[in-house]
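> First the structure, then my questions, so here it is.
The values are calculated or read from the model by the stated rules, or taken from the named source; none is laboratory data. In this text the structure is predicted, and so the values were computed from the model without any measurement. Note: ideal-geometry Cβ built from the backbone for every residue, glycine included; neighbour counts use all protein chains shown. Surface areas here come from the heavy atoms of the whole protein model, side chains and all, with no ligands, DNA or RNA. Shrake-Rupley method; radii C 1.70, N 1.55, O 1.52, S 1.80 Å.
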Amino acid sequence: MLSTSSLSATFVGFDAPPKSDLILSVVIPVYNERETLPRIIRAVMLALPDTRKEIIIVDDGSRDGTREWLLDVFPSDEISLAGVRRAADGLIEFVTAERAAGLLETLSAPVTVRRFFQKKNGGKGRALRAGFDKAIGDVVVVQDADLEYDPSDWAPMMRLMELGVADVVYGSRFYGKPHRSLYLYHLLGNKIITYLFNVLFDQTLTDIETCYKMFRRQTLDGVNLVSNDFGIEVELSAVLAGSKKWRVYETAITYYGRTYIEGKKIGWRDGLKALWYVFKFRFFK
C-alpha cells in the first residue's frame, strides 16, 4: 500500500494550494493627477476581487486640485471602502460600508485607502519611498495614476506570489500583450538600459523601467533606498533583481502609453540618468 505524505507549510509550486490570505499593498505616487486618479483608484479596488488590499496614495505636492480632492473624498487618513458607484456621466463615488446600499460595484474582500501628503514636490522616487515605509501588506506593487497600466494584469503576477514560487514579479510591456506604438527612441533607450542592467547584474529581464514591480515586503527589509526621481526604477531593480537571493519572474502586461500632449512626464534626460544609475547602483553601493 502506498503511503501519502502530508504537505508541509513550506510546500510550494504550481501544484500546491495557493495562499489566499496575502494582503496586497498598492502604492500610488501622485503628482497633478486630478482627472485620472479617481479612475485608477476604482480600477485598483476592483482588481483581484478576492484579495485584501490597502491602497496607499502619496500626493507629491500636487497643485491641480488633487490634494483638495483627496481631502474631500477621503477626509480621514484611513478609510475602509465597501464598493464604488459610477454614474452615467462618469462621476465616480467611493462608498463606505455605512452607505453601501444600492452599490453597482461591490467588493468581495476588504479595501482600505490610506493617503499621505508630501510637503512639497520631491519626485516619484521620494513619493514611492514614503509609500513603501507605510506599507503593511505581505506583497507590495507600484501603480502609476496616469492610466497607462491596467491593474487587471496583476492576476498572473499575484498568482506567482500565492503559489510561493516568486519573491519579485515584473510586468513586462514587451511580451506580446497590446501596447501603444509610441516614440521609437523611448523604446531604444529602454532596451539599452535593460540590456546594460542584465549584463551588469546577470539577469534576463526585458523591461526594468516598467511601473509594475510586485514584490514581497521583506525584500526591502534593511534596504535604504535613496532615489528621489525616476531613478527609483533602476534602484529598485538593483535591490530586487540584483541581490541574488530573490526569485524573480516576469509576466506580460498591457501598456496604454501616453504622449507628452496627453501628460507624459518622463523624458530623454531621465533616460540618460537611468544609464548612469545602472552603473551607480552596481558599483557604488
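> Is it the case that Ile40 is in contact with a Pro (Cβ under 9 Å, 6 or more places away or on another chain), within 19 Å of Gln143 (Cα to Cα) and of a type in the set (A, V, I, L, M, F, W, C)?
So Ile40 fits the description; yes.
> Filter the stretch 65-87 down to the residues that are under 22 Å from the mean Cα position of the chain (by Cα) and of a type in the set (S, T, N, Q) and list them by number.
Hits for the stretch 65-87 are Thr66, Ser80.
> Can I ask one more? In the stretch 141-199, how many residues are surrounded by fewer than 16 Cβ atoms within 10 Å (Cβ to Cβ), under 19 Å from the mean Cα position of the chain (by Cα) and polar (S, T, N, Q)?
1
> Just checking, how many residues over the stretch 47-97 are without any contact (Cβ under 8 Å) to a residue 12 or more places away in the chain and on the phi > 0 side of the Ramachandran plot?
Number of matching residues: 1.
> Next question. Within the bounds of the stretch 245-256, is there any residue that is under 23 Å from Arg282 (Cβ atoms), open to solvent by less than 30 Å² (accessible area, probe 1.4 Å), of a type outside the set (Ser, Thr, Tyr) and in contact with a helix residue (DSSP H, G or I) (Cβ under 7 Å, 6 or more places away or on another chain)?
Step one: filter the stretch 245-256 for residues under 23 Å from Arg282 (Cβ atoms), giving 245-250.
Cutting the leftovers down to open to solvent by less than 30 Å² (accessible area, probe 1.4 Å) gives us none.
No, the conditions are met nowhere in the stretch 245-256.
> Which one is most open to solvent (accessible area, probe 1.4 Å), of the residues in the stretch 80-97 that are within 16 Å of Thr36 (Cβ to Cβ) and not charged (D, E, K, R)?
Leu91
> Suppose the filter is at pLDDT 95 or above, in contact with a strand residue (DSSP E or B) (Cβ under 7 Å, 6 or more places away or on another chain), acidic (Asp, Glu) and farther than 23 Å from Ala155 by Cα; does Asp133 pass it? Walk me through how you get there before you give the answer.
Values: at pLDDT 95 or above: yes; in contact with a strand residue (DSSP E or B) (Cβ under 7 Å, 6 or more places away or on another chain): no; acidic (Asp, Glu): yes; farther than 23 Å from Ala155 by Cα: yes.
The answer is no for Asp133.
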